[in-house]
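Heads up: the structure comes next, in structure tokens.
The values are calculated or read from the model by the stated rules, or taken from the named source; none is laboratory data. Everything numeric here is computed off the predicted structure, so don't read it as measured data. Neighbour counts run over all protein chains shown; Cβ positions are idealised from the backbone, glycine included. SASA here: full protein model, heavy atoms, side chains in, ligands and nucleic acids out. Shrake-Rupley method; radii C 1.70, N 1.55, O 1.52, S 1.80 Å.
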Amino acid sequence: MCLIIKANNPRELDETLMECAYQNNSDGFGVMFYNKGKIHTHKIVPKNYKDIHKMWKSYKDLNTQVGIHFRFTTAGNTCRDLSHPFQVLKKGENGADRDLWVMHNGAKLPTPMIDKNKSDTHQFIKWVIRPQLLNNPNLLYNAEWTESLEDLIGSDKLLFLDGKTQEFTIINQDEGKDVKNVGWVSNTYSISRGVGYDYDIDKGKKVVKSNWLSDYDLYGNYNGSYSNYGNYSTKYNKSYTTNWDSVEDDIDVYSNGEPLTDDDLGHLTVDEMIEIAETNPVGLGIFVHDLYNYGNNKE
């Protein structure tokens, strides 16, 4: 998953927040803002945090709102072109009366993946968003249209910047978090699983990494404790076929020494489930499959 920050005042943005965001979403970095009569954008694929620090120095003293995006590649190539923001409309092209850019955060947008090696964001803009807004860009300010867009994308978030109105528009704002001295962030889990420390968005500072984070490999499997819900451990070492009688070595997920049940899963938040799915998709997939299929029929 990626992270979007809409910084109301870039001067007040804690750079340790930026560093933690990069540690978890290092596949692309971009900014967009309106200044001196037009939208400005800049995006890179950083080799390390120094690249972001160097770029951000050019913008951190701006006296305007800034959209910031950290990419975690889930589809398409890791490259500058697929880093955010994306241009939706270009003034004067195909009759467009404004420049319009967008950033996306979410698991996957509902779109046909027609073009090779492109991301779901790229394809959603090309095949779904651009045709509609090119015909009528004011749909972005139509309540019925934005509500239908929210229904379509589920819990995903979109941040638009309109060069004509000079305004940011957030789709699914309530799925993110408004934060004092920051503005708005699209999620908090992308800054609370850092390497070496967490970033406490409510306190506005970095804190010592909690014990459960030591069980995370940034891009690897989850094999330790999890959040405040309890100490979890997972293991999977099984060979299986479509005949569930041949399953060997069940996968176990423990909470404080006790096996995790379907009722336990039901009490996890959406963000907690997403985090487990991101960091250990195979383990969780096998566990859930066993739980609702094999586990219910093994007697």
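Going from most exposed to least, what order do ASP81, ASP97 have by accessible area with a 1.4 Å probe?
ASP81, ASP97
Output the peptides 132-139, 171-178 sorted from most to least packed, where packing is the average of other Cβ atoms within 10 Å over each peptide's residues.
Descending packing order for the listed peptides: 171-178, 132-139.
Fully extended, how many nm does the chain gain between THR64 and LYS203 (0.36 nm per residue separation, minus their Cα-Cα distance)?
Gain on extension, THR64 to LYS203, equals 47.7 nm.
Relative to 2.2 N^0.38 Å, what does the C-alpha radius of gyration of the range 15-103 come to as a ratio? Two decimals please.
Against the empirical 2.2 N^0.38 Å value, I get 1.14 for the range 15-103.
Using the Cβ atoms and a cut-off under 9 Å, what net charge is assigned to the surroundings of TRP184, where Lys and Arg are +1 and Asp and Glu are -1?
Residues near TRP184 contribute +1 overall.
Roughly how far apart, in whole Å, are the Cα centres of the range 114-192 and the range 81-103?
Cα centroid to Cα centroid, the span is 13 Å.
Based only on the alpha carbon positions, what is the Kirkwood hydrodynamic radius of the range 62-210, in angstrom?
16.7
List the residues whose amide H sits under 5 Å from the amide H of SER83, counting only those 5 or more places along or on another chain, with H placed 1.01 Å from N in the peptide plane.
It is none; the list stays empty.
Sort 40-46, 99-105 for me by packing, meaning the mean count of neighbouring Cβ atoms within 10 Å per residue, highest on top.
99-105, 40-46
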